[in-house]
């Protein structure tokens, strides 16, 4: 990890008695997608706000592109863009005007502002609505405009704080495509999300956050390997077979859906053995499929609590 | 809204109440300063709501993560409000002229009007920035501006204070809107100004300084939250 564009060392932040961040450390590689995954209130937004120079940590250090976010905040601001949880657009202005305003605020000359505005409107499929007031935009359109605005000054690092919260499934998929496209251009993306699937789909590296701490870091694959192997799920069509099978097969039981999950290496031998046992006991009404561990399992395993508050998203 | 309202207030006072109120002069002449400051109040109060909106809507966060002078966000609202006020005031004066307003002011007096109104509007704008920073949602921002908007009515803006009950008369005579209105009236119509000019400068100069300082402190505080 020599090319860390973001480096965070032992960041602590508390509000009164409440400890929000309790010693966070991590690096984000240049050009990668990094996801901070956690429930509501885990401290994700606070971490983003510190990195985006909006607030100061109580202790620890944060650097972006080698600049300290506190002592060299201005240099950091030139490298980053922030897209918060709410689309930060002006409803009274048109989409085009919103973009132009941000362009001027970035001290770009008129020609560049015009050119970039047209480019971005086209790129984000907003050309048709360019002259309409943003107040009339749909949620997905607002988000797209929001992201377009954040790209105006060609930032090197983009912070996306829960970019798909409140979007319908189709807009969410579109947003994912968009984020992947951005990453392909070499932009570093720092994403926070409470959706396990989102982190799984997008991120090169995931940090799982809980109660102000990072409890696990790794690629999606690495996190899943913590949980172990692939599982074979046997779904029984009737209660009798399920009861019968549960006596002879060792595995995780799901009574409600009559599923037994069995760990397996997926080898022929292994499968034949299992099927033979079922056959010998005259249990035939079985549907089976393999299931790779999901981040949902990971989360359960390492936080040791229920997924209440964390949605698996579809 | 910012233009239609001044006109509506102007016409309402002159045409509806004007006939019944005895001021010793044409009512339109009497009421112009009052309408100007009432409309400036409305215009400025929009600032509180938009500041709050920007705070809760995330626009402040975005702008603050950009390479900009942080205070430029507040200054933008103050200047924007000032332009809105200037337009509203111009409209009020033009409409007043159309319906019989006859100012006696010369160049110096008009410059005086410009100066004292600018001081008033700037101080009010900063005050509403403070309100906008203080509250946490748009509804409260809206509500908190009402008492301020009410002040001109209990001053000499629309009726001579002598007609009020004595306790209210005392309040009206000593609240900041009255010296301001008397100053404007003096400049526009040549009525005696006396100490009203200095009183106005003291009131609104003081308000400007205090509001500016408080806004700066609140802004810094919200930044570190």
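Before moving on, here are some points about what is shown:
- Single residue of segment A:116-148 satisfying the filter (at pLDDT 90 or above and exposed (fewer than 14 other Cβ atoms within 10 Å of the Cβ)) that is nearest to residue A:174 (Cα to Cα): A:122
- Qualifying residue in segment B:108-131 (condition: over 26 Å from residue B:15 (Cα atoms) and more than 21 Å from the chain's Cα centre (by Cα)): yes
- Scanning segment A:79-101 for residues that are facing another protein chain (nearest Cβ under 8 Å) and either in contact (Cβ under 8 Å) with a residue 40 or more places away in the chain or surrounded by fewer than 16 Cβ atoms within 10 Å (Cβ to Cβ) (or both) yields A:80, A:81, A:82, A:83, A:84, A:85, A:87, A:88, A:89, A:90.
For (1) away from chain A (no Cβ under 14 Å); (2) part of a loop (DSSP other than H, G, I, E, B); (3) farther than 29 Å from residue B:191 by Cβ; (4) within 19 Å of the chain's Cα centre (by Cα), each residue gets a yes or a no:
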{"position": "B:39", "(1), (2), (3), (4)": "yes, no, no, yes"}
{"position": "B:46", "(1), (2), (3), (4)": "no, no, yes, yes"}
{"position": "B:69", "(1), (2), (3), (4)": "no, yes, yes, no"}
{"position": "B:81", "(1), (2), (3), (4)": "yes, no, yes, yes"}
{"position": "B:103", "(1), (2), (3), (4)": "yes, yes, no, no"}
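- Scan of segment A:199-239 for residues that are touching a residue at least 40 places away in the same chain (Cβ under 8 Å), surrounded by fewer than 21 Cβ atoms within 10 Å (Cβ to Cβ) and at positive phi, ordered by number: A:211, A:228
- Annotation note: Cβ proximity below 7 Å between a residue of segment A:286-304 that is under 19 Å from residue A:35 (Cβ atoms) and a residue that is outside any helix (DSSP H, G or I) and at pLDDT 70 or above (sequence gap 6+ or interchain) occurs for A:292/A:230; A:299/A:208; A:302/A:208; A:302/A:215; A:302/A:216; A:303/A:210; A:303/A:215.
- Checked against (1) touching a helix residue (DSSP H, G or I) at 6+ places or on another chain (Cβ under 6 Å); (2) buried (at least 20 other Cβ atoms within 10 Å of the Cβ); (3) under 23 Å from residue A:45 (Cα atoms), residue A:67 meets all criteria but (2).
- Which listed residue is crowded, with 21+ Cβ neighbours inside 10 Å and without any contact (Cβ under 8 Å) to a residue 60 or more places away in the chain, from A:242, A:190: A:242
- Segment A:261-276, residues that are in contact with a helix residue (DSSP H, G or I) (Cβ under 9 Å, 6 or more places away or on another chain) and either more than 20 Å from residue A:293 (Cα to Cα) or at pLDDT 80 or above (or both): A:262
- Test for residue B:168: is it in contact (Cβ under 8 Å) with a residue 24 or more places away in the chain and in contact with a helix residue (DSSP H, G or I) (Cβ under 8 Å, 6 or more places away or on another chain): no
- Strands (runs of 3 or more DSSP E) wholly inside segment A:196-264 that include at least 2 residues being under 20 Å from residue A:30 (Cα atoms), assigned by TED's automatic domain parsing to the domain that holds residue A:284 and out of contact with any strand residue (DSSP E or B) (no Cβ under 9 Å at 6 or more places or on another chain): none
- For segment B:54-67, filtered to residues that are within 9 Å of chain A (Cβ to nearest Cβ) and in contact (Cβ under 8 Å) with a residue 12 or more places away in the chain, the residue that is nearest to the chain's Cα centre (by Cα) is B:54.
- Single residue of A:5, A:50, A:19 found to be buried (at least 16 other Cβ atoms within 10 Å of the Cβ) and part of a helix (DSSP H, G or I): A:50
The values are calculated or read from the model by the stated rules, or taken from the named source; none is laboratory data. Just so you know, these numbers come straight off a predicted model, no measurement behind them. Positions of Cβ are generated from backbone atoms using ideal geometry, with glycine treated the same way; all protein chains shown enter the neighbour counts.
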